[in-house]
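Enquirer: What follows is a structure written as structure tokens; I'll ask about it next.
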């Protein structure tokens, strides 16, 4: 499904596939990606987002930070990026 960023985040939270109009934010329903960087996962039904922002300790880009900020609003948990990447390798 093609939609806006908010729609992609809503689709991820409901386990549905979607991509943004420019395909910079995508989900297969289980994982969430910003420019190909995995920023969110579904583990045992729990939505977990990696805090890929400057305050979180890992800055990828301003746009990815915005994607992460939006994902935090629908996620069940937020993890430090190092722990997230170690646990959920791309």
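The values are calculated or read from the model by the stated rules, or taken from the named source; none is laboratory data. What you see is a predicted model, and the numbers here were worked out from it, not measured in a lab. Neighbour counts are summed over all protein chains in view; Cβ atoms, including those assigned to glycine, are modelled from backbone coordinates with ideal geometry.
Enquirer: Name every residue in region 70-81 that is in a helix (DSSP H, G or I) and either more than 16 Å from residue 31 (Cα to Cα) or touching a residue at least 60 places away in the same chain (Cβ under 8 Å) (or both), in order of residue number. Walk me through it before giving the result.
Expert: Within region 70-81, the first condition is being in a helix (DSSP H, G or I), and the residues that meet it are 70-74, 81.
Residues satisfying the conditions are 70, 71, 73, 74.
Enquirer: Taking the conditions exactly as written (surrounded by fewer than 17 Cβ atoms within 10 Å (Cβ to Cβ), on the phi > 0 side of the Ramachandran plot, outside any helix (DSSP H, G or I) and modelled with pLDDT of 95 or more), does residue 57 satisfy them or not? Reasoning before the result, please.
Expert: Details: surrounded by fewer than 17 Cβ atoms within 10 Å (Cβ to Cβ): yes; on the phi > 0 side of the Ramachandran plot: yes; outside any helix (DSSP H, G or I): yes; modelled with pLDDT of 95 or more: no.
No: the conditions fail for residue 57.
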